[in-house]
Amino acid sequence: MKTKKIGIGVFLALALSVVFSMNAHAADAWYTCTIDRFGGQTMGTTPTMYLMVTHTSSTPAFTKKYFRLSLDRYKEAMAIILTAMSSGMEIMVYGDPAIAANEDRWLKQIWLMP
């Protein structure tokens with residue numbers, strides 16, 4: 001019985017060390033991008049806007065990835081996006097392109113590049 005309790009204790013200790021050693025935002029970074037598409041849906045319970053961008057590096061980290069826009073600062077982001085699209089400028093975005101689902105891949109910051 002004592003061996004069983006020790007085994008369970010060791011297993012729990014290892015499981016907790018694995019869980020707490022993970023970094024939830026490991027790939028958040030700045031990327032210089034071009035805008036491919038911009039739009040979304042306003043029907044349904046929650047309006048959602050997406051921005052599709054491509055990393056412009058010589059070895060791009062991603063191509064044509066959708067990022068979800070926050071609705072708190074939607075008007076400000078829209079001004080930057082429309083300016084970049086109409087003038088052919090690049091933008092800098094801060095986010096994690098490695099997240100699999102579009103709904104979970106948030107665009108955290110956006111800057112217009114000169």
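The values are calculated or read from the model by the stated rules, or taken from the named source; none is laboratory data. Here the structure is a predicted model, which is why all the values come from computation and not from measurement. As a convention, Cβ positions derive from the backbone with ideal geometry for all residues, glycine included, and neighbour counts pool all protein chains shown.
Things worth noting here:
- Taken together, the criteria exclude LYS75 from residues that are within 21 Å of the chain's Cα centre (by Cα) and modelled with pLDDT of 90 or more.
- For region 29-69, the set of residues classified as of a type in the set (A, V, I, L, M, F, W, C) and in contact with an Asp or Glu (Cβ under 7 Å, 6 or more places away or on another chain) consists of CYS33, MET52, VAL53, listed by residue number.
Table: residues versus (1) without any contact (Cβ under 8 Å) to a residue 40 or more places away in the chain; (2) surrounded by 11 or more Cβ atoms within 10 Å (Cβ to Cβ).
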site	(1), (2)
ARG37	yes, yes
PRO47	yes, yes
THR59	yes, no
LEU69	yes, yes
ARG73	yes, yes
GLU76	yes, yes
ALA98	no, yes
ASN102	no, yes
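- Residues of region 85-107 that turn out to be closer than 20 Å to SER57 by Cα and in contact with a Ser or Thr (Cβ under 8 Å, 6 or more places away or on another chain), as a count: 5
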